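What follows is a set of notes on a single structure, which appears directly below.
Every number here is computed from the coordinates shown, using simple stated rules; none is lab data. These numbers were taken from a predicted model, which means no experiment stands behind them.
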Amino acid sequence: MEQFWISELGPLTGTAEDAFSKTFSMVPDNTMALAKIYSFTNQEFDGQKHLRIDWIITDGDFKMQHVFQKLHVYDLDPKKRHKALNMFKLLYTMFDLKPTTMRPPEDENLKVFVNKHAGIKIQETAPNDKGRTYNWVSEVWPVAGFKSETGKTIVVESALTRNASRVVQPQDGLDMDIPF
């Protein structure tokens with residue numbers, strides 16, 4: 001990789017503004033948005049298997065942002081599993097699809113959902129033990145007649161804003177073959 005230090009997007013500045021993420025946007029609680037399924041797969045987290053839908057918002061202030069939905073269809077809690085299986089059946093029905101087997105779905109079976117559009121309700125989790133909140137999809141609706149209600153962007157202060165006075169600025173005039 002001879003051209004490692006050459007970027008397709010232009011010259012490297014090494015400034016904080018070009019290096020740091022500027023903001024992180026949470027989708028506000030109870031936002032209703034149009035979205036499509038980007039991926040639908042079997043996943044496992046902390047030993048708990050579930051189905052995970054990656055939705056990508058297709059309209060409004062949060063267009064192109066990903067939000068996730070977990071279907072706990074393998075959960076040992078009968079109530080949680082029942083609710084998840086009902087959501088899964090709702091998706092099949094809404095998209096006019098039918099399962100091809102009585103066995104648990106494999107990733108290959110779930111691909112029929114990719115690029116399907118729906119209206120979704122997005123919520124925020126309660127803060128975790130580190131004080132972080134996350135978005136999740138709580139409801140799914142047919143596109144026909146769906147009304148988007150996109151909230152205002154929440155901006156979380158970044159390290160760049162807090163530490164602006166401590167940012168190291170790049171030095172010019174280095175006598176090396178590296179192009180900066």
Just check region 29-151 against the gyration tensor rule for me: Cα atoms, a ≥ b ≥ c as the square roots of the eigenvalues, rounded for a/c under 1.5, and otherwise prolate or oblate depending on whether a/b exceeds b/c. oblate
Could you give the length gained by full extension between residue 68 and residue 46, i.e. 0.36 nm per residue of separation minus their alpha carbon distance, to one decimal place? 6.2 nm
Run the reach check for residue 36 against lysines, Cα to Cα strictly under 24 Å, same-chain hits fewer than 8 apart removed. What comes back? 49, 63, 70, 83, 89, 98, 111, 116, 121, 147, 152
